[in-house]
1. Which residue, A:LEU18, A:LEU80, A:LEU49, tops the fluctuation ranking in a GNM of chain A built on C-alpha contacts under 10 Å?
2. Full extension from B:ASN71 to B:SER54: what is 0.36 nm times the residue separation minus their Cα-Cα distance, to one decimal in nm?
3. For chain A, modelled as a Gaussian network with Cα springs under 10 Å, which listed residue fluctuates most, A:ILE48, A:ILE31, A:ILE76?
4. Quick one: compute the contact order of chain A, relative version, from alpha carbon pairs under 8 angstrom and 6+ residues apart, as a percent.
5. Can you compute the modelled spin-label distance between A:ILE64 and A:ARG84, with each label point 7 Å from Cα toward Cβ, in nm?
6. Holding the Cα-Cα limit at 26 Å, pick out from B:LYS31/B:LYS53; A:LYS74/B:LYS28; A:LYS74/B:LYS82; A:LYS72/B:LYS15 the pairs that are longer than that.
7. Rounded to a whole number of µm²/s, how large is the Stokes-Einstein D of chain A at 25 °C and 0.890 mPa s, given Rh as the Kirkwood radius over C-alpha pairs?
8. Assuming a viscosity of 0.692 mPa s and a temperature of 37 °C, what translational diffusion coefficient in µm² per second does Stokes-Einstein assign to the protein assembly as shown, Rh being the Kirkwood radius over Cα pairs?
Amino acid sequence: MRRDIFQAIADPTRRAILGLLALQAMTPNAIAEHFDSTRQAVSKHIQILVECEVVKQQQTGREIYYHFNPNKMKEIDLWLDRFRKLWEGRFDQLDNLLENL
Amino acid sequence: MSTKTEITKDLANKKINVTREFAAPLEKVWKAWTDVSLLEQWWAPKPWKAVSKSYDFSEGGFWLYSMVGPNGETAWCRVNFKTIVPQQSFTSTALFCDENGVVNPDFPPMHWLVTFHPVGASTRVVAELTFDSEADLEKIVAMGFEEGFTMALGNLDEILEA
């Protein structure tokens, strides 16, 4: 199954994990401490975030650290930009029409 | 005069809001959104044209139109009108279809709630867009088109940036 940014943000726990990682890279244990769910459940969420490429893992010594990958989030912004331009173009035309109505 | 289009996203709830004020009284703005001879004049981003095959602005009615490009490219679209409160709001579902209005299930439906608010002599229009699922929203983004037809329009970005 294809993973993408929308699966990443579809779940409240995953959004909370992204919020933590946006501030600093963390180990899986440090992340799990922030949640009441089992470590296993948290690590499943982390795995999905990694598959969605919104989080990257990096080995530092014996520890694995998870990093937030802001580039992936930009996909949404790019689309919204296009969306905005389309509607601004339309609305400018509507302005002209209303002036002559 | 051009006022700013405000766009807010609530992607967790599969929702996007588009807000814009128009320097005209509500009756005129409502008419421009719901009278097809006026709607056709602004709906398509230039140099594309919106050409209606049929139009029935009533609850249960629909608008069947094609977006026609400068080289004759066409993309058929259908807007199903669900609820209408005259001079206040309407809800609709936008779909991709063929020239007979038969819906193409490969393209996710987009649901619109459009509300009209008088602000002094102007009118504020708030269009709330929702998708059935994250997968649908994701699909629309992945395909890089809005309302199903940006892909068909192809060079829309260049047109709009020009």
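No value in this document is a laboratory result; all are computed from the given coordinates. Since this is a predicted model, take the numbers as computed values, not measurements. Don't worry about glycine lacking a Cβ; one is built from the backbone with ideal geometry, like all the others, and counts go over all protein chains shown.
1. A:LEU80
2. Numbers: separation 17, 0.36 × 17 = 6.12 nm, distance 2.29 nm.
Extending this stretch completely gives an extra 3.8 nm.
3. Among A:ILE48, A:ILE31, A:ILE76, the largest GNM mean-square fluctuation belongs to A:ILE76.
4. Working: 86 pairs, mean separation 27.2, N = 101.
Averaging sequence separation for qualifying contacts and normalising by length gives 27 percent for chain A.
5. With each label point 7 Å from Cα toward Cβ, the separation is 3.7 nm.
6. On the way: B:LYS31/B:LYS53 19 Å; A:LYS74/B:LYS28 38 Å; A:LYS74/B:LYS82 34 Å; A:LYS72/B:LYS15 20 Å.
Beyond 26 Å between Cα atoms: A:LYS74/B:LYS28; A:LYS74/B:LYS82.
7. 156 µm²/s
8. Estimated via Stokes-Einstein, D reaches 160 µm²/s.
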